[in-house]
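Here's the structure we're looking at; comments come further down.
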Amino acid sequence: MYYQSLNGESTKVNFETALKKGLADDGGLYFPENIIPLESDFIKNIENYSNIEIGLKVIKQFVGTTIKETDLIEILSKTIDFDFPLIKLEKNIYTLELFHGPTLAFKDVGARFMANCLGHFNKDNSKLNTVLVATSGDTGAAVANGFYKVKGTNVIILYPKNKVSEIQERQLTTNGNNIYALRVNGSFDDCQKMVKKAFIDKEFNEKFNLTSANSINVARWLPQSLYYFFAYKVLKKKNLVLSVPSGNFGNICAGLVAKKLGLPISHFIASTNENDTIPRFFKSQVLKPKPTIQTISNAMDVSKPSNFVRIQEMYHNFKNLSKIMSSYSFNDKQTLDTVKRVYENKNYVLDPHGAVGYLGLKKFLSSSQDRIGIFLETAHPIKFSEHIEKVIERKLDVPESINKILLSEKKYIDVNDYNDFKEKMLFLKY
Ligand SMILES: *Cc1c(COP(=O)(O)O)cnc(C)c1O
């Protein structure tokens with residue numbers, strides 16, 4: 001299995017190189033050269049397979065010959081050692097809870113898979129790597145957790161000042177050891193721009209031996225396909241519709257990969273907050289990002305979703321794309337009203353991202369009966385307790401892992417722009 005750059009000007013690379021480079025030399029995202037559907041017998045009998053076995057079936061072709069099967073099984077066992085419960089909320093509406101990993105958001109699977117693969121590739125290598133990652137809130141925490149104390153790897157996290165929740169900021173800034181947090185005076189898109197610039201900055205890249213851990217990295221992006229298989233394993237129905245709270249569009253794009261692999265999902269809904277570049281695209285067929293808007297579902301405050309080019313690669317034709325995918329946008333008021341209503345009616349506490357996913361699903365189902373819908377609950381509500389507790393009018397229980405970081409001191413370095421960032425990085429002793 002080889003990966004090609006979507007800018008079309010770099011040579012093909014294998015999984016190991018795609019993982020280590022993150023982005024191709026021509027600045028393009030890597031994309032699998034081909035996606036081979038899995039045997040239909042496997043999908044028919046999916047309930048007989050463990051999550052690790054499903055992981056192996058799905059991931060094997062993307063890793064190719066770069067990791068031996070026994071090692072891959074070990075990596076998967078370290079990656080998916082927690083649950084992915086599917087809970088029925090209403091008639092024909094289910095939620096797939098993806099927040100039972102160590103940092104309480106769905107990004108743990110991709111981040112841990114990538115960290116374990118990189119650890120595997122570097123086990124005999126003495127050269128120090130730097131994982132550079134921009135975060136809108138949850139990625140940084142998952143990556144920090146996945147790479148914490150991994151030998152030979154430092155992690156630099158860029159996060160937007162005043163635009164992540166208190167718990168998210170603590171998860172980013174209280175690790176210490178090989179994890180460094182940089183607080184950027186700007187938006188997530190500004191952080192992402194700096195990361196992209198650092199990668200094409202030869203001097204910088206050579207000194208730090210950079211790897212990206214954003215959802216653009218194939219090792220973070222592709223394992224997310226597993227969620228869709230796990231959902232289908234429990235709810236093996238026809239006419240399944242999946243609503244995915246979307247920001248950078250990595251997760252939903254991984255869902256579309258699952259479909260290419262043969263998983264029978266009939267429709268995908270990309271549910272967004274007011275950063276509605278893609279919902280507008282589905283109306284006008286024009287991609288026209290606006291400045292990023294700050295919302296309470298902050299992990300989706302992205303106006304230029306990097307992964308959308310991968311979706312366009314899979315579905316060149318707009319007509320074909322719109323047959324299997326829709327996209328809707330919701331504002332903060334609708335989101336909080338939904339959190340309140342679902343709590344009052346169903347005694348279930350949504351987080352703001354899950355609430356956006358729920359809204360997208362309801363909207364689609366209102367004009368399309370006979371379908372069964374699953375929305376992804378991508379984060380634990382405690383990460384957004386300041387908003388949630390106000391509307392449900394009660395305190396949430398604080399998980400043990402969060403209690404600990406509430407007592408630790410936040411440590412970060414402020415940066416203003418790319419030059420400032422570069423200067424401070426060159427200064428960092430590590
Ligand atoms: C990152 C994130 C999203 C958006 O996922 P993308 O793959 O960037 O579209 C949604 N919800 C939560 C809680 C997240 O952390």
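Laboratory data are not the source of any read-out in this text; all were calculated from the coordinates shown. Bear in mind the structure is a predicted one, so any value in this text is a computation, not a measurement. Here Cβ is always computed from backbone atoms with ideal geometry, including for glycine, and neighbour counts include all displayed protein chains.
Things to note:
- Loop-located trypsin sites (Lys or Arg not before Pro) in the range 15-101 whose Cβ has at most 13 other Cβ within 10 Å (DSSP): Lys68, Lys91
- Projecting label points 7 angstrom from Cα along Cα→Cβ for Asn177 and Glu33 puts them 3.8 nm apart.
- Pairwise centroid distance, computed over Cα atoms, of the range 69-125 with the range 194-271, Å: 13
- Within the range 316-430: Cβ-based charge dipole about Cα centre, in debye rounded to nearest 20 (Lys, Arg +1; Asp, Glu -1): 360
- Calculated FRET value between Leu396 and Glu9, using beta carbons and R₀ = 51 Å, to 0.05: 0.55
- Coupling constants for the range 374-380 follow from the phi torsions by the Karplus curve (6.51 cos²θ - 1.76 cosθ + 1.60, θ = phi - 60°), and in residue order they are 10, 10, 8, 9, 8, 8, 6 Hz; glycine and proline get x.
- Leading residue at positive end of dipole, the chain (Cβ point charges), from Asn7, Met194, Tyr315: Tyr315
- Given charges at Cβ of Lys, Arg, Asp, Glu: the chain dipole, positive-most of Ile388, Ser212, Ser329: Ser329
- Using only side-chain charges placed at the Cβ, +1 for Lys and Arg and -1 for Asp and Glu, the dipole size of the chain relative to its Cα centre rounds to 560 debye.
- The H on the amide N of Ile269, modeled in the peptide plane, is under 5 Å from the matching H of Leu242, Ser243, Val244, Ser326, each at least 5 residues off or on a different chain.
- Cross-linked pairs Lys259/Lys288; Lys107/Lys340; Lys88/Lys283; Lys20/Lys78; Lys283/Lys319: Cα-Cα separations exceed 23 Å for Lys259/Lys288; Lys107/Lys340; Lys88/Lys283.
- Between Tyr315, Tyr328, Tyr148, the GNM of the chain built on Cα springs shorter than 10 angstrom shows Tyr315 fluctuating the most.
- Basic side chains Lys and Arg get +1 at the Cβ, acidic Asp and Glu get -1 at the Cβ, and with that the dipole of the range 63-130 about its Cα centre reaches some 180 debye.
- Relative contact order (%) - the chain, alpha-carbon pairs under 8 angstrom, separation at least six: 18
- Reachable aspartates and glutamates, given that their alpha-carbon falls under 17 Å from the alpha-carbon of Lys260 and they are not under 8 places away in the same chain: Glu33, Glu39, Asp41, Glu313
- Antiparallel %, DSSP beta bridges [both residues in the chain], to 5: 20
- Protection proxy ranking, peptides 23-29, 187-193, 366-372, 272-278, average beta carbon neighbours within 10 Å, highest first: 272-278, 187-193, 23-29, 366-372
- Dipole of the chain, positive end: most advanced residue of Tyr180, Ala141, Leu226 [Cβ charges, Cα centre]: Leu226
- All aspartates and glutamates inside 19 Å of Lys202 as judged from Cα atoms, apart from same-chain residues fewer than 8 positions distant: Glu9, Asp25, Asp26, Asp417, Asp420, Glu423
- The amide H of Val184, built 1.01 Å from its N in the peptide plane, has Tyr159, Lys161, Val415 as neighbours under 5 Å, considering only residues 5 or more places off or on other chains.
- Its DSSP H runs of at least 4 residues, each contributing -39,500 (n - 2.57), put the calculated 222 nm mean residue ellipticity of the chain at -12500 deg cm²/dmol, to the nearest 500.
- Taking the convex hull of the alpha carbon positions in the chain and averaging its projected area over all directions gives 19.3 nm².
- Gain upon complete extension [Tyr148, Glu69; 0.36 nm per residue less C-alpha separation]: 25.9 nm
- Shown is the FRET efficiency for Glu389 and Asp417, computed with R0 = 41 Å from the Cβ-Cβ distance and rounded to the nearest 0.05: 0.70.
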